[in-house]
Amino acid sequence: MKAEEYSERNETIDTWPVHIVTYRIGDMYYCTIDNVDPGARFARAEGDAREDVERVALEKAKKYLGQTRKFPTST
């Protein structure tokens, strides 16, 4: 099978740049979210409707990024 309705975009969630990929294989939609650098995927979802899988994946991403600690850097 081949991915259809493929889309990707960059957004910012709570100051974190993320890369969002959504596509359909057969009757199922898939959405993955990774941090731009180094590109590690940390949230994903699958389901019957594109809007639902993107919403669920974004909710997971916001939850995980909200738990991430930021340390001050000195120059």
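Helical content alone sets the calculated 222 nm signal of the chain at -7500 deg cm²/dmol, taking -39,500 (n - 2.57) per DSSP H segment of four or more residues and averaging over every residue. Largest first and in whole Å, the equivalent-ellipsoid semi-axes of segment 1-72 read 24, 12, 9, each the square root of five times a Cα gyration tensor eigenvalue. Just to confirm the number: angle between the C-alpha axis of helix 50-66 and the first principal axis of the chain, 0 to 90 degrees, nearest 10? Here the helix axis deviates by roughly 20 degrees. The charge dipole of the chain, taken about the Cα centre with unit charges on the Cβ atoms of Lys, Arg (+1) and Asp, Glu (-1), comes to about 400 debye, rounded to the nearest 20. Applying 1/(1 + (r/R0)^6) with r as the Cβ-Cβ distance of Phe71 and Glu8 and R0 = 35 angstrom yields a FRET efficiency of 0.70. Here the Karplus relation 6.51 cos²θ - 1.76 cosθ + 1.60, evaluated at θ = phi - 60°, turns the backbone of segment 33-43 into coupling constants of 10, 10, 7, 4, 10, x, x, 7, 6, 10, 9 Hz, with x for every Gly and Pro.
Values quoted throughout were computed directly from the atomic coordinates according to the rules given, and no laboratory measurement underlies them. If you're wondering where the values come from, they're calculated on a predicted model, not measured in any experiment. Cβ atoms come from the backbone with ideal geometry, glycine included; neighbour counts cover every protein chain shown.
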